[in-house]
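Shown next, in structure tokens, is the structure this report addresses.
The values are calculated or read from the model by the stated rules, or taken from the named source; none is laboratory data. In this text, all values refer to a predicted model and were calculated from it rather than measured experimentally. Here the Cβ positions follow ideal geometry from the backbone for every residue, glycine too, while neighbour counts run over all protein chains shown.
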Amino acid sequence: MIELLWSIFDITLVLLLLALAWTTCSTQDVKRAVTLFIAMGLLLAIVWARLKAPDLALAEAVIGAGISGALLLSAIKDYPSNMVSHRSTLIEGIINSLTLVLTILMSWAVWHGLNMSDGVRLSEPVISQLPVSGVSNPVTAVLLNYRAYDTLLELAVVLTAVLTVLTLNEKRVDYEFSSPLLQGMTRWLVPLLVVTSGYLLWVGAHAPGGAFQAGAMLAAAMILLQLAYPSRRQEFNNSLLKILLVIGIFTFLLVGLWMMSLNDDFLAFTPAWAGTLILIIETAATVSIATALTLAYLGGRPRGWEDTNRTSRSIAENGGAG
Amino acid sequence: MIDTLAILAIFSGLFFFLSGSIGLLRLPDLFTRLHALAKADNVGLALVALGVIILEPAVINDIKIVIIWLLVMAASAISSHLVARHALRENRNDD
């Protein structure tokens, strides 16, 4: 009986997800598409939770639905309200056929993965190496130890994306109005978000959580502050922002090189220190991810971004001349 | 007995969710829709949370559920207020 109820729930979930995905893609109204996309993200988080992947569920809820939603909503603010998307038939055809090919490939991969009986299963080596990985959460062990190189490159991707945003635009114009009620909620919600972010970072060692979720949570707190106090947050400490933006990847590289000098291999952690090193890397990465996502939400360079550059360059030139 | 209470609470919560959703679909304009949605969903969530608390023996999880309920209630009240305020302002601009 209870299995039947669960399967009804699961089937409803899948059908809703497919319907939402379809309407998100097929609607002509950009605002509607964004709203539907956010709803789809939340539903997808429930799907991941049902598949017993709480790490992914958390990441999807915070990044997929939360931060991406905020990014998309602030992006469509630049368009007129009756904006519809116009694509030529040729572009549409190319996109459709590429999507079709991708769908077939993915379906084949999933089918193959489900039916593969005697292939290589990676979960056993992951579990067997867990005691020397420094953490007890297998997902964190994979992300920050076995495949630390991938995570380093992910951070580089995030940094590159934000650098592109910063190169292209000035900071978006703020919302003019704020509500005292929103400000009141922000005042007690932001401390709560900061604590939750720290908790997610710390708990990542032995339970679902980690740098990406914690960083996105911190960015959410920053976005909330931006929305509630539009006029008061005009001036950023730009040199501090620049340091925070790169500190994650810098720490990661530094630890990797240090471990290379000890163990002859880039990012090959000494088992006794692995837990501490992972925590250090994750803390720095959290700060960088939060900064990157906040800057992406702002949509470009905050005021005075180049000025600090110019000052520091002129100082360097003067110093060189002296 | 306890289970019956919990099931009763959860199902009456679902009833409120259902009526809120019907309100969202059937009511004529944005303000009445917000009214139906925010109120009915908060009561619905409270009842579902109550049912789950009755079923869940661990106190720490009960506290978490209460915190979730409070956060959702604050968020839905504030966001309804923001949506309504925005709509009011747009109407005023049209006049």
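Things worth noting here:
- Of all residues making up segment A:272-294, the number that are over 16 Å from A:LEU257 (Cα atoms) and not in a helix (DSSP H, G or I): 1
- Helices (runs of 4 or more DSSP H) wholly inside segment A:121-229 containing at least 3 residues that are within 14 Å of chain B (Cβ to nearest Cβ): A:180-203, A:211-228
- Test: residue in segment A:117-125 that is surrounded by 13 or more Cβ atoms within 10 Å (Cβ to Cβ) and either in contact with a Lys or Arg (Cβ under 8 Å, 6 or more places away or on another chain) or of a type outside the set (Gly, Ala, Ser) (or both): no
- Inspection of segment A:106-116 finds no residue satisfying the criterion of being within 14 Å of chain B (Cβ to nearest Cβ) and aromatic (Phe, Trp, Tyr).
- If you go through segment A:120-165 and keep only what is in contact with a Pro (Cβ under 9 Å, 6 or more places away or on another chain), touching a residue at least 60 places away in the same chain (Cβ under 8 Å) and farther than 14 Å from A:PHE212 by Cα, you end up with A:VAL132, A:SER133, A:GLY134, A:ASN137.
- Here the condition is being under 18 Å from A:ALA205 (Cα atoms), of a type in the set (A, V, I, L, M, F, W, C) and in contact with an Asp or Glu (Cβ under 7 Å, 6 or more places away or on another chain); of A:VAL135, A:VAL139, A:VAL126, it holds for A:VAL139 alone.
- Residue within segment A:278-301 that is under 27 Å from the mean Cα position of the chain (by Cα), surrounded by fewer than 14 Cβ atoms within 10 Å (Cβ to Cβ) and at pLDDT 75 or above present: no
- Tally, over segment B:68-95, of residues that are modelled with pLDDT of 90 or more, more than 9 Å from chain A (Cβ to nearest Cβ) and surrounded by fewer than 15 Cβ atoms within 10 Å (Cβ to Cβ): 2
Conditions tested, residue by residue: (1) closer than 17 Å to A:ALA290 by Cβ; (2) of a type outside the set (S, T, N, Q); (3) in contact with a strand residue (DSSP E or B) (Cβ under 8 Å, 6 or more places away or on another chain).
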| position | (1), (2), (3) |
| --- | --- |
| A:LEU143 | no, yes, no |
| A:ALA148 | no, yes, no |
| A:THR151 | yes, no, no |
| A:LEU155 | yes, yes, no |
| A:VAL158 | yes, yes, no |
| A:PHE177 | no, yes, no |
| A:LEU182 | no, yes, no |
| A:ARG187 | no, yes, no |
